[in-house]
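Visitor: Sending over a structure as structure tokens; questions will come in a sec.
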Amino acid sequence: MKAIQYRRIGAEPELVDIPSPVPGPGQVLLQVTAAGVCHSDAFIMGLPEDRYGYGLPLTLGHEGAGRVVEVGPGVDTIDLGTDVVVYGPWGCGMCWHCAQGMENYCSRAAELGIRPPGLGAPGALAEYMIVDSARHLVPIGDLDPTTTVPLTDAGLTPYHAIKRSLAKLRAGSTAVVIGSGGLGHIAIQLLRHLSPARVVALDVSQTKLDFARSSGAHETVLSNSDAAGEVRKITGSAGAALVLDFVGLQPTLDLSMAVAGVGSDVTIVGVGDGQAAAHVGFFRGAYETNVAVPYWGARHELMELIDLAHQGILHIEVERFSLDDGVEAYRRMAAGTLQGRAVVVPGL
Ligand code: NAD
Ligand code: ZN
Ligand code: ZN
């Protein structure tokens, strides 16, 4: 089968031909219908050898959708032919966090060598993929896999990040979204749907700001050295109740802490090397600001998102690529010219 693999440290991913996998006991084989391309893939492929821990060759793709075409021995909770999306942050299913549905925070995954697809285990950028357990599948019914697959990460991650702060997003409050790309444009829509907060979105170009506005942002601000002052003009002295930083570099973390209001949440989602620590101390920053770094989301939260998608309230912007053109999706991501999520559709 065709697959897109990261094979050599520092090199581009490659389109390769590899044997189709066969499901073992407890496993499910999906014929992939769609696979999302995430900025985190670019991040891990940019790591030097001594910090790269995902194995080589690595079939990429931690956002997957597919049709169940074969099951291994012992699998009796999902029917052949079911269209599904894959819950990616696989856990052991047995520990306290997993029992809450929060397999993203499984306390035993590292010890047991359990890795997410596309981030250690073979991923979705292929014609077929193995899912380790039917527990990690969410049926999607008649939803379009191409526009639904980004919900597994670009949707789930902001959904989790927003839900934990919902009580702070009262009428009259402001939520700030830094980075209006794949995750950011869904975050804006979720904020608008789940809360009465005013949404201020930032990005580095007018095109991206127009995109943020069409996704539902009330206000947009160019992310430059004047940005904190511009956001403060909108929030007034209250500052923001929630800042979602989808970049995570030092300039955006400085910005996040500069616009955070008293009792706010600063939530760092972007995988950058910035630090908020310099802004935390008695004479720095707003009182009672909580800084958190969430990872992905919970199983039940993905189910909730799929239910939201069935309500038709989400408009996921995608650019489609065939598997043959999958490497090009990464080039476009690096060039910053993607609008929304790049999705590879093997059948295209
Ligand atoms: P993306 O490339 O689609 O979007 C990033 C956006 O940020 C782009 O629109 C870009 O123009 C904008 N941007 C870049 N520099 C900026 C700056 N200085 N100020 C404002 N905007 C800026 O990326 P994505 O796939 O949406 O991922 C966003 C981030 O979230 C990445 O760092 C990714 O690794 C991370 N991520 C984290 C988790 C998690 O669990 N914490 C999950 C998924 C993705
Ligand atoms: Zn991701
Ligand atoms: Zn666990």
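The values are calculated or read from the model by the stated rules, or taken from the named source; none is laboratory data. All figures in this text were calculated on a predicted structure; none of them were measured in a lab. Cβ coordinates were reconstructed from backbone atoms using ideal geometry, including for glycine residues, and neighbour counts include every protein chain displayed. Surface areas here come from the heavy atoms of the whole protein model, side chains and all, with no ligands, DNA or RNA. Shrake-Rupley method; radii C 1.70, N 1.55, O 1.52, S 1.80 Å.
Visitor: Could you tell me what percent of the accessible area of region 157-292 is made up of carbon and sulfur, with a 1.4 Å probe and every protein chain present?
Guide: 54 percent
Visitor: What does the convex hull of the Cα atoms come to per residue for the chain, in Å³?
Guide: Numbers: hull volume 46.7 nm³, N = 348.
Hull volume normalised by residue count: 134 Å³.
Visitor: Just to make sure I understand: if all protein chains stay in place, what is the order of K208, K233 by accessible area at 1.4 Å, largest first?
Guide: Working: K208 40, K233 150 Å².
The residues order as K233, K208, largest area first.
Visitor: Just reorder S173, S40 by solvent-accessible area, largest first, 1.4 Å probe, all chains present.
Guide: Greatest to least solvent exposure: S40, S173.
Visitor: Quick check: pseudo-label points 7 Å beyond the Cα along Cα→Cβ at D50 and L222, how many nm apart are they?
Guide: With each label point 7 Å from Cα toward Cβ, the separation is 4.0 nm.
Visitor: Where both residues lie in the chain, what percent of DSSP beta bridges are antiparallel, nearest 5?
Guide: Numbers: 29 of 55 bridges.
Counting only bridges with both partners in the chain, antiparallel ones make up about 55 percent.
Visitor: Per-residue accessible area for C98 at 1.4 Å probe radius, Å² rounded to 10?
Guide: Answer for C98: close to 10 Å² accessible.
Visitor: Same structure, new question: What value does region 157-292 have for Rg/Rh, both radii from Cα atoms and Rh as Kirkwood defines it? The partial results should precede the final answer.
Guide: Working: Rg = 13.0 Å, Rh = 14.2 Å.
Over the Cα atoms of region 157-292, Rg/Rh equals 0.92.
Visitor: I've got another one for you. Of the candidates S195, S237, S133, which one comes out as most mobile in a Gaussian network treatment of the chain with C-alpha springs shorter than 10 Å?
Guide: It is S237.
Visitor: Additional query: So how exposed is R108, as accessible area in Å² (1.4 Å probe, rounded to 10)?
Guide: Result for R108: roughly 90 Å² accessible.
Visitor: Not counting ligands, DNA or RNA, and with a 1.4 Å probe, what is V204's accessible surface area in Å² rounded to the nearest 10?
Guide: Per-residue accessible area (V204): approximately 110 Å².
Visitor: Averaged per residue, what accessible surface does the chain expose to a 1.4 Å probe, in Å²? Don't jump to the answer; show the numbers that get you there.
Guide: Details: 14820 Å² over 348 residues.
Accessible area per residue, the chain: 43 Å².
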